[in-house]
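Asks: For reference, the structure I am asking about is given below.
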Amino acid sequence: MTAENQFINGRWQAGAGDSFKSIDPARNEVIWEAGSATEAQVNEAVMAAREAFVGWADMAFEDRLAICQKFASLLEQNKEHLAMVIARETGKPVWETRTEVGAMIGKVAISEKAYKERTGTVENPMPGAKAFIRHKPHGVVAVYGPYNFPGHLPNGHIVPSLLAGNTVVFKPSELTPMVAEETVKLWEKAGIPAGVLNLVQGEVATGKALSAHPQIDGLYFTGSSNTGHLLHKQFGGRPDKILALEMGGNNPLIVKDVSDIDAAVHNIVQSAFITSGQRCTCARRLFVPNNESGRKIIERLVEVTENILVDDYEADPQPFMGAMISAKAAAQMVDAQNALLQSGATSLVRMKQLDDKKGFVTPGIVDVTNVDDMPDEEHFGPLLKVYRYGDFDAAIAEANNTRYGLSAGILCDAESDYRYFFKRIRAGIVNWNKPITGASSAAPFGGIGASGNHRASAYYAADYCAYPVASVEAERSTLPESLAPGLKF
Ligand SMILES: NC(=O)c1ccc[n+]([C@@H]2O[C@H](COP(=O)([O-])OP(=O)(O)OC[C@H]3O[C@@H](n4cnc5c(N)ncnc54)[C@H](O)[C@@H]3O)[C@@H](O)[C@H]2O)c1
Ligand SMILES: O=CCC[C@H](NC(=O)CCC(=O)O)C(=O)O
């Protein structure tokens with residue numbers, strides 16, 4: 001536990017605002033407590049980033065890259081430690097948090113490649129001059145992270161921002177301040193110059209102070225659709241600021257004709273219940289044919305789901321699902337299940353909270369085929385809603401009947417069914433016979449509708465971290481061979 005939790009202009013200092021706590025949701029223990037950043041501290045961080053901007057942007061790309069590579073090698077050396085911090089703060093099992101640190105390490109090489117391929121320099125010949133396309137950083141950018149991937153997702157904005165020459169003020173989720181603090185300590189060890197990366201910790205008030213600061217040039221957000229929409233309104237009428245929003249989804253997964261039931265069920269479970277359903281890409285709605293083959297799939301899905309191991313992040317054997325982020329989130333998920341049951345859904349697997357002081361819930365499945373007016377809501381937990389369909393076109397129409405559009409998938413043997421589905425479904429990730437979670441950092445990652453604002457992240461993050469500059473250049477001014485009509489020299 002430390003009181004010096006804010007990293008501003010290269011120095012750790014205590015947050016002077018209200019104190020807040022981080023609780024290990026698997027053990028119900030306070031693991032971190034400190035003060036939040038006040039408006040004055042947020043201002044100090046933004047002004048430090050402003051001051052550091054010109055020097056950082058002026059550095060050779062290779063020098064900025066070297067610091068990011070050093071950060072990656074420090075992550076490698078501290079992999080076990082950081083994986084354990086993420087597990088303690090989120091409740092995710094350590095087998096999974098190790099993969100999160102792995103994704104953070106991989107991000108540096110992927111972002112280097114993306115920077116060069118998407119925002120590099122292009123030279124085009126032209127008579128008597130050269131035409132260039134180059135890219136420049138925006139300036140000071142604010143990065144907001146969610147709690148479900150407290151290392152990987154903010155890292156997905158921070159690394160490409162820094163490589164492009166921006167300076168950063170990072171506001172992590174108030175539920176995962178310790179992961180943020182440990183990560184920024186590694187940046188400090190990697191030699192990040194003072195002011196280039198700043199950390200302001202706190203709850204919503206800190207987030208509001210940062211997003212309202214007049215000296216930020218951009219804001220890169222990963223989090224809920226509600227907060228993203230608030231930020232979008234706040235940035236309305238500000239075309240001078242760049243806003244990238246990565247938000248939630250109400251993601252559909254359709255099953256059609258499949259020969260291998262276990263393989264299909266495995267894809268469903270990986271899509272719906274990994275990370276206790278706390279991934280933006282998780283399947284929330286499952287469409288199965290209302291026939292014998294659909295019934296067999298449901299039967300097997302119920303059987304496998306009832307046997308999913310839910311346990312402490314360090315348990316041996318390791319569980320598939322750890323605790324949700326908090327006891328409150330777990331209780332809300334059970335309440336969401338109960339509300340659906342009250343509106344006419346039937347329970348196929350009953351979700352239960354295992355301890356009202358902890359975040360453990362068992363996965364739940366409800367059949368909502370006969371519920372009228374299903375809410376178009378992201379249930380951010382292990383609650384899968386089943387729709388039994390008669391007609392493939394009707395299933396696709398219902399899959400598209402959402403304001404979101406993040407991930408979607410189909411499990412079917414016939415390639416023609418996949419092609420038909422692909423043409424009609426609206427989402428930024430569309431998979432065939434694979435889980436709809438596990439979106440790769442090496443591909444664009446973003447959704448349409450209420451899931452994003454057309455600024456995909458991951459491999460395409462390079463695009464929103466720099467703006468293009470077109471130049472026509474000649475070593476000296478020369479008179480053209482033929483003059484425009486009406487000119488005399
Ligand atoms: N599309 C993606 O890439 C992606 C990835 C992971 C998670 N998510 C989504 O994130 C959500 C879960 O994360 P969460 O609950 O931490 O998100 P959240 O929106 O509650 O919080 C995200 C960040 O915004 C800050 N914040 C909250 N209200 C604010 C305000 N009014 N002004 C300024 N800042 C504010 C929070 O303090 C936090 O730092 C889910 O909806 C999930 O689908 C999306
Ligand atoms: O909530 C967001 C989920 C992101 C996640 N992607 C990964 O973990 C892959 C990381 C990588 O390839 O670098 C997912 O889509 O499940």
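The values are calculated or read from the model by the stated rules, or taken from the named source; none is laboratory data. Nothing here was measured: the structure is a model prediction, and the numbers come from that model. Here the Cβ is made from the backbone with ideal geometry for all residues, glycine too, and neighbour counts use every protein chain on show. Quick note on the areas: whole protein, heavy atoms, side chains included, nothing else; ligands and nucleic acids left out. Shrake-Rupley method; radii C 1.70, N 1.55, O 1.52, S 1.80 Å.
Asks: Taking +1 at the Cβ of each Lys and Arg and -1 at the Cβ of each Asp and Glu, which of Pro252, Val196, Pro239 sits farthest along the dipole of segment 189-296 towards its positive end, judged by Cα position relative to the Cα centre?
Replies: Result: Pro239, furthest along the dipole toward the positive end.
Asks: Would you mind working out the accessible area per residue for the chain, using a 1.4 Å probe, and quoting it in Å²?
Replies: Value returned for the chain: 43 Å² of accessible area per residue.
Asks: Using only Cα positions of the chain, each an equal point scatterer, no hydration layer, compute I(q)/I(0) via Debye at q = 0.08, 0.10, 0.13 Å⁻¹ and quote the log10 values to two decimals.
Replies: -0.52, -0.77, -1.20
Asks: Taking the C-alpha atoms of segment 430-489, how large are the radius of gyration and the largest Cα-Cα span, Dmax, in Å?
Replies: Values for segment 430-489 (Cα only, Rg and Dmax): 23.6, 71 Å.
Asks: When the accessible area of the chain is split by element with a 1.4 Å probe, what percent falls to carbon and sulfur?
Replies: Carbon and sulfur together cover 51 percent of it.
Asks: To continue, here is another question. Only bridges whose two residues both fall in the chain count here: according to DSSP, what percent of them are antiparallel, nearest 5?
Replies: The answer is about 45 percent antiparallel.
Asks: Considering only DSSP beta bridges where both residues belong to segment 65-183, give the percentage that are antiparallel (nearest 5).
Replies: In segment 65-183, DSSP labels about 50 percent of beta bridges as antiparallel.
Asks: Same structure again: Under a cut-off of 18 Å between alpha-carbon atoms, report the aspartates and glutamates in cross-link reach of Lys21, not counting same-chain residues fewer than 8 places apart.
Replies: Lys21 reaches Glu4, Glu29, Glu33, Glu89, Glu174, Glu181, Glu182, Glu203.
Asks: Further, regarding this structure: How fast does segment 252-432 diffuse by Stokes-Einstein, in µm²/s, taking the Kirkwood radius from C-alpha pairs at 10 °C and 1.306 mPa s?
Replies: 96 µm²/s
Asks: For segment 85-125 and segment 213-244, write down the distance between their C-alpha centroids in whole Å.
Replies: Each part's Cα centre sits 23 Å from the other's.
Asks: Quick one: if the Förster radius is 22 Å, what FRET efficiency do Thr478 and Glu123 give, using the C-beta to C-beta distance and rounding to 0.05?
Replies: 0.65
Asks: Past 32 Å, Cα to Cα, is the threshold; run Lys107/Lys130; Lys113/Lys385; Lys92/Lys113; Lys113/Lys256 against it and keep the listed order.
Replies: Lys107/Lys130; Lys113/Lys385; Lys113/Lys256
Asks: Considering all alpha-carbon pairs of segment 70-191, what whole percent are spaced by more than 24 angstrom?
Replies: Above the 24 Å cut-off, segment 70-191 has 33 percent of its Cα pairs.
Asks: Under a point-charge model restricted to the Cβ atoms of Lys and Arg (+1) and Asp and Glu (-1), what is the dipole moment magnitude of segment 1-140 relative to its Cα centre, in debye to the nearest 20?
Replies: Dipole of segment 1-140, to the nearest 20 debye: 540 debye.
Asks: Rounded to whole Å, give me the distance from the Cα center of segment 3-55 to that of segment 154-182.
Replies: Segment 3-55 and segment 154-182 have Cα centres spaced 12 Å from each other.
Asks: Let me ask something else. Between Lys189 and Lys116, what length comes free when the chain is fully extended (0.36 nm per residue of separation minus the Cα-Cα distance, one decimal in nm)?
Replies: Result: 23.7 nm gained on full extension.
Asks: With N denoting the number of residues in segment 155-273, provide Rg(C-alpha) divided by 2.2 N^0.38 Å, to two decimal places.
Replies: So the Cα radius of gyration is 1.40 times the expected 2.2 N^0.38 Å.
Asks: Further question: Which semi-axes, in whole Å and largest first, does the equivalent ellipsoid of segment 93-161 have when worked out from the alpha carbon gyration tensor as the square roots of 5 times its eigenvalues?
Replies: Semi-axes, largest first: 36, 14, 5 Å.
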